[in-house]
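Asks: I have a structure here, written as structure tokens, and I will follow up with some questions on it.
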Amino acid sequence: MSRRLLVLGLDCATPQFVFGPNAFELPNLRALMRRGCWGRLESCHPPITVPAWACMLSGKDPGTLGIYGFRNRRDYSYDNMFTADASAVRQPRVWDILSRHGKRVVVLGVPQTYPVRPVNGWMVAGFLTPNEDAPYTYPRPLKEELRRAVGEYLIDVKDFRTEDRPALLERLYALMENRFHYARHLMEAKPWDFFMVVDMAIDRLHHAFWRFCEPTHPAFVPGNPFEHVFRDFYQAVDARLGELVELAGEDTAVMLVSDHGAKSMVGGVCVNEWLLREGLLTLKRRPERRARIEDCDIDWARTRVWGSGGYYGRMFFNVAGREPEGQVPAAAYETFRDELISRIQEMHGPNGQLLGNRALKPQDIYENVEGVAPDLLVYWGDLGWRSVGSVGFDDIFTFENDTGPDDANHDYHGIFILDDRTGRGGKEIEGLDLLSIAPAMLRLMDVPAPADMRGGALEESLL
């Protein structure tokens, strides 16, 4: 099965728009599905960009990676956090393993690749690159080579949480076109066995336009001027993907993946406001205006739990003997955690009905728990609501996003399509998950997967 492999990554591409009766007309993706196999791809916990791409490409879960989101606790102090860029990923990813086996790789725009590391080939880092002046390529001279040949590299769309939707849409198209322009050039200019590109534009599109395009959102208004933005954008992406597939040639296997999906976001749960009302968090003084919990004066001697915002909630316990001023006795830790899970699950929404929250213990969902994990992962309304970490709200529920306009949360399933040129005839595969992707990529390249990578349903289908 030794051959070239082209991996096309679409951050946040969602099954309902690609598969099934309500899918958009996407002829190039449909052709890959007809010739190969496809299915919904279950993401990790939590289903967010960081750590999902790293999980997919290392075959390790977030607990083993010790990465639980963009921002993570470095230790058990109260304020020492770090951003999980490439330096936080200590497990080898697919291109590292392929490089050791002499395969030539090109990696473009994949999250958590800055700062870049040496590979047997070429790398252009993804969206966590701090700015255009940073050394975001390997080898370093590649940056100027590409600028001369292609033009400026767009790392990400600027200011995607804005009310100026028309201007944002122009920037999203520019980001997408730029990423595929870079991909076409690298595919033609460099010799490669493995080529992977990730485009972030669909993720930004979903967050900015979900209520305008998706009838399931409570604020959707039929006939609004942005109603068909998703359809048009997906079709534009489909056309660019088709160009890359044609350029790769008939002897190249093609895999298309997304790291998670998206769904309507009804509103936000003000996690720290809730903890204040539950008597689990105490402030020395309440801020005069809305403020990040990190900027508040917390009375740690009277606090047992504090929370963090984002697309999912993280609960951190103030444990005696672990945190500097711990208040939860270590011997009562599990009892307290179970009691808090019950409180979270019993929460009612603004309409008086159960919100449908899920609270997960890291030890129950990960093979290992490395680093400093949250004591609980919380999916408010089963990911129908985001976690708002700021305090200063009049209620525990808000329909304002503390980080700017955003109408979509992440969902549990992304997409998977594989045309490995063996004529699988459009087979749908069930039970796919992120951790099965890396060993499948290696198998397609005729490179043995490490023993601690598991294959699952995808590996079985390739046998």
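Asks: Within the stretch 179-204, track down each residue that is within 14 Å of Leu146 (Cβ to Cβ) and part of a strand (DSSP E or B).
Replies: Within the stretch 179-204, just Val197 meets the criteria.
Asks: For the structure I just gave you, tell me whether Tyr153 is assigned to a helix (DSSP H, G or I), open to solvent by less than 30 Å² (accessible area, probe 1.4 Å), of a type in the set (Ser, Thr, Tyr) and modelled with pLDDT of 95 or more.
Replies: no
Asks: Within the stretch 180-199, can one find any residue that is farther than 29 Å from Leu458 by Cα and open to solvent by 60 Å² or more (accessible area, probe 1.4 Å)?
Replies: yes
Asks: Okay, moving on. Out of Gly326, Gly307, which single residue is among the small types (Gly, Ala, Ser), touching a strand residue (DSSP E or B) at 6+ places or on another chain (Cβ under 8 Å), surrounded by 12 or more Cβ atoms within 10 Å (Cβ to Cβ) and part of a strand (DSSP E or B)?
Replies: The conditions single out Gly307.
Asks: How many residues, within the stretch 262-304, are outside any loop (DSSP other than H, G, I, E, B) and within 28 Å of Pro329 (Cβ to Cβ)?
Replies: 16
Asks: Now for a separate question. Among the residues of the stretch 310-323, count how many are assigned to a loop (DSSP other than H, G, I, E, B), touching a residue at least 24 places away in the same chain (Cβ under 8 Å) and open to solvent by less than 30 Å² (accessible area, probe 1.4 Å). If you could, list the steps in order and put the result at the bottom.
Replies: From the stretch 310-323, those assigned to a loop (DSSP other than H, G, I, E, B) are 311-312, 318, 320-323; that's our starting set.
Next, only the ones that are touching a residue at least 24 places away in the same chain (Cβ under 8 Å) stay: 311-312, 322-323.
Narrowing further to those that are open to solvent by less than 30 Å² (accessible area, probe 1.4 Å): 312, 323.
Result for the stretch 310-323: 2.
Asks: I've got another one for you. If you go through the stretch 439-452, how many residues are under 17 Å from Phe416 (Cβ atoms) and open to solvent by less than 50 Å² (accessible area, probe 1.4 Å)?
Replies: 5
Asks: Looking at Asp259, is it within 20 Å of the chain's Cα centre (by Cα) and part of a loop (DSSP other than H, G, I, E, B)?
Replies: When the stated conditions are applied, Asp259 passes them.
Asks: Among the residues that make up the stretch 162-169, is at least one of them open to solvent by 10 Å² or more (accessible area, probe 1.4 Å), touching a helix residue (DSSP H, G or I) at 6+ places or on another chain (Cβ under 6 Å) and not in a helix (DSSP H, G or I)?
Replies: Within the stretch 162-169, one or more residues are open to solvent by 10 Å² or more (accessible area, probe 1.4 Å), touching a helix residue (DSSP H, G or I) at 6+ places or on another chain (Cβ under 6 Å) and not in a helix (DSSP H, G or I).
Asks: Mind listing whichever residues of the stretch 62-92 are open to solvent by 20 Å² or more (accessible area, probe 1.4 Å) and of a type in the set (D, E, K, R)?
Replies: Result: Arg71, Arg74, Asp75, Asp79, Asp85, Arg90.
Asks: Ok, one more. Under 7 Å by Cβ, and 6 or more places apart or on different chains, what pairs join a residue from the stretch 93-107 that is farther than 8 Å from Asn120 by Cα with one that is open to solvent by 40 Å² or more (accessible area, probe 1.4 Å)?
Replies: From residues that are farther than 8 Å from Asn120 by Cα, the pairs are Val106/Trp122.
Asks: Name the single residue, out of those in the stretch 207-226 being part of a helix (DSSP H, G or I) and touching a helix residue (DSSP H, G or I) at 6+ places or on another chain (Cβ under 8 Å), that is nearest to Phe160 (Cα to Cα).
Replies: Ala208
Asks: Then there is this: Counting only residues that are open to solvent by less than 30 Å² (accessible area, probe 1.4 Å) and under 28 Å from Gly59 (Cβ atoms), give me the strands (runs of 3 or more DSSP E) lying completely in the stretch 337-429 with at least 2 of them.
Replies: Qualifying strands (runs of 3 or more DSSP E): 358-360, 376-379, 408-411, 413-419.
Asks: Looking only at the stretch 100-129, which residues are more than 14 Å from Val198 (Cα to Cα) and not in a loop (DSSP other than H, G, I, E, B)?
Replies: Arg100, Val105, Gly121, Trp122
Asks: Anything in the stretch 291-304 that is without any contact (Cβ under 8 Å) to a residue 40 or more places away in the chain, over 18 Å from Ala359 (Cβ atoms) and open to solvent by 20 Å² or more (accessible area, probe 1.4 Å)? List them, or say none.
Replies: Answer for the stretch 291-304, where residues must be without any contact (Cβ under 8 Å) to a residue 40 or more places away in the chain, over 18 Å from Ala359 (Cβ atoms) and open to solvent by 20 Å² or more (accessible area, probe 1.4 Å): Asp295, Asp297, Asp299, Ala301, Arg302.
Asks: May I pose another question? When the stretch 93-118 is examined, which residues are found to be open to solvent by 20 Å² or more (accessible area, probe 1.4 Å) and among the aliphatic types (A, V, I, L, M)? Before the answer, list the steps.
Replies: Step one: filter the stretch 93-118 for residues open to solvent by 20 Å² or more (accessible area, probe 1.4 Å), giving 96, 99-104, 114-118.
Of everything in the stretch 93-118, just one residue is open to solvent by 20 Å² or more (accessible area, probe 1.4 Å) and among the aliphatic types (A, V, I, L, M), namely Val116.
Asks: While we're here: Specify the residue that is nearest to the chain's Cα centre (by Cα); the eligible residues are those in the stretch 9-33 that are aliphatic (A, V, I, L, M) and surrounded by fewer than 20 Cβ atoms within 10 Å (Cβ to Cβ).
Replies: Applying the filter and picking the extreme gives Ala23.
Asks: In the set Ala208, Ala167, Ala174, which member is hydrophobic (A, V, I, L, M, F, W, C) and touching a residue at least 24 places away in the same chain (Cβ under 8 Å)?
Replies: Ala208
Asks: While we're looking at this one, here's another question. Give the residue, chosen from Ser43, Ser87, that is of a type outside the set (D, E, K, R) and either more than 17 Å from the chain's Cα centre (by Cα) or at pLDDT below 95 (or both).
Replies: Ser87
Asks: Which residues, taken from the stretch 217-236, are open to solvent by 20 Å² or more (accessible area, probe 1.4 Å) and farther than 18 Å from Pro405 by Cβ?
Replies: Residues of the stretch 217-236 that are open to solvent by 20 Å² or more (accessible area, probe 1.4 Å), as a first pass: 218-228, 231-232, 235-236.
Answer for the stretch 217-236, where residues must be open to solvent by 20 Å² or more (accessible area, probe 1.4 Å) and farther than 18 Å from Pro405 by Cβ: Pro222, Gly223, His228, Arg231, Asp232, Gln235, Ala236.
Asks: Give me the pairs, please: first residue somewhere in the stretch 433-446 and in contact (Cβ under 8 Å) with a residue 60 or more places away in the chain, second residue anywhere and among the charged types (D, E, K, R) and buried (at least 24 other Cβ atoms within 10 Å of the Cβ), beta-carbon distance under 8 Å, and either six or more positions apart or on two chains.
Replies: Leu434/Asp259; Leu435/Lys60; Ala438/Arg93
Asks: For the stretch 237-252, state whether one or more residues are in contact with a strand residue (DSSP E or B) (Cβ under 8 Å, 6 or more places away or on another chain), assigned to a strand (DSSP E or B), open to solvent by less than 30 Å² (accessible area, probe 1.4 Å) and at pLDDT 95 or above.
Replies: So far as the stretch 237-252 goes, yes, one or more of its residues are in contact with a strand residue (DSSP E or B) (Cβ under 8 Å, 6 or more places away or on another chain), assigned to a strand (DSSP E or B), open to solvent by less than 30 Å² (accessible area, probe 1.4 Å) and at pLDDT 95 or above.
The values are calculated or read from the model by the stated rules, or taken from the named source; none is laboratory data. In this text the structure is predicted, and so the values were computed from the model without any measurement. With ideal geometry, Cβ positions are generated from the backbone for all residues, glycine too; neighbour counts draw on all protein chains shown. With ligands, DNA and RNA removed, areas are computed over all heavy atoms of the protein, side chains included. Shrake-Rupley method; radii C 1.70, N 1.55, O 1.52, S 1.80 Å.
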